Amino acid sequence: MNFEKILGHDAPRTPDAPARHELKNTVELSTENADYLLYYTRHDVQTSPEIVPAADAVILESITDLSSDKRTKETVSRALFQKDRAYHEVVRAAAEQGKPIFLLDLSLKTAKNQDMMPAQNGEKDEMAENDLRLMIAETLGMGAIIWAASDLKKAFTDNPQMSRRNFFKFLGKTAAGAALASPLIGSMSGYLSASGPKGEPDESSVARKIQKTIEDANYHAHLGRSKVIHARNDLWAQKSETVAKLLEKDLGRKPKLAMSMGADHVGIERSLKDSGTNRLGRLAENFGADFKQEGLIAKINLTPEKGSDRIKVEVTIIRDENFK
């Protein structure tokens, strides 16, 4: 499919890219099939074009609908060219440098079927209800931690030699509170790590390390804000590896992929390191009947017209045959 779009004047030309080590919000990771540059950011700030030069392709986060030519065009237009999107600079850089962009996120249909997005047109909003239940649990968790701390202070005030029984009561309350409140603590740590002027989480910061530790613990304990983040991490990892294999055939070597995503998706590192068999097993379990339709990938080639803001857009739909 081919069409044209205008990349508006509010999207500046690609600046001279500084050295890669100046990007504090990136992680480099290698798998058998690709070398990845993982770029963590907030959705309200521009994705840096500095991730493009060293990459063979760029993967961007965006819910997709690739079910028809019309829906695909709408998806690409919204994801890459909508004025309030954070991808203007990286899109222009990819166009100018001849680098393809891939969209391989969760499909809109599955997101709705699995209650992974707010409902529309007056439908029941399951995600809002889930968030409310989680907020109550997090509040109770923080209350338990405060209660335990209060008991600890009182115990030491009344009797500096805390009894074994009181000590274990304190540990129990603290553990229960931490379990319930851990998603909130992790999100707060993530927010603090991404609170700089550019909204880019510093991967070397203490707050970021806390967020990653809590996310990993929540994942293995089956806690967390929602299954949606873990499922999307697995989905991106699986389809990114498929993209890598396709690019290797074209390039004749192991490709380098730059992937931009929200700062909460730190679990992508774990998903990429895992085996395809494990990822696909989790995805089949999470998506059920919607599993097969998640194999679609959009490859987007952009060609800027000389002396103009117009860009020729060529979209090719690829099917990951692992989703059967």
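The values are calculated or read from the model by the stated rules, or taken from the named source; none is laboratory data. Everything numeric here is computed off the predicted structure, so don't read it as measured data. Backbone-built Cβ (ideal geometry, glycine too); neighbour counts: all protein chains shown.
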Worksheet entry | Filter pass, Val76 being over 18 Å from Leu106 (Cβ atoms) and modelled with pLDDT of 90 or more | no
The number of residues in the range 70-88 that are exposed (fewer than 15 other Cβ atoms within 10 Å of the Cβ) and touching a residue at least 24 places away in the same chain (Cβ under 8 Å) is 2
The lone condition Ser67 fails out of (1) within 28 Å of Ala284 (Cβ to Cβ); (2) modelled with pLDDT under 95; (3) crowded, with 18+ Cβ neighbours inside 10 Å; (4) small (Gly, Ala, Ser) is (3)
Residue count, the range 1-46, condition outside any strand (DSSP E or B) and at pLDDT below 90, comes to 25
Of those in the range 240-258 that are in contact with an Asp or Glu (Cβ under 8 Å, 6 or more places away or on another chain) and outside any helix (DSSP H, G or I), the residue surrounded by the fewest Cβ atoms within 10 Å (Cβ to Cβ) is Lys254
Check: Quick check: anything in the range 267-275 surrounded by fewer than 18 Cβ atoms within 10 Å (Cβ to Cβ) and closer than 20 Å to Leu108 by Cα?
Finding: no
In the range 283-305, is there at least one residue being surrounded by 14 or more Cβ atoms within 10 Å (Cβ to Cβ), touching a strand residue (DSSP E or B) at 6+ places or on another chain (Cβ under 9 Å), more than 29 Å from Met1 (Cα to Cα) and not polar (S, T, N, Q)?
no
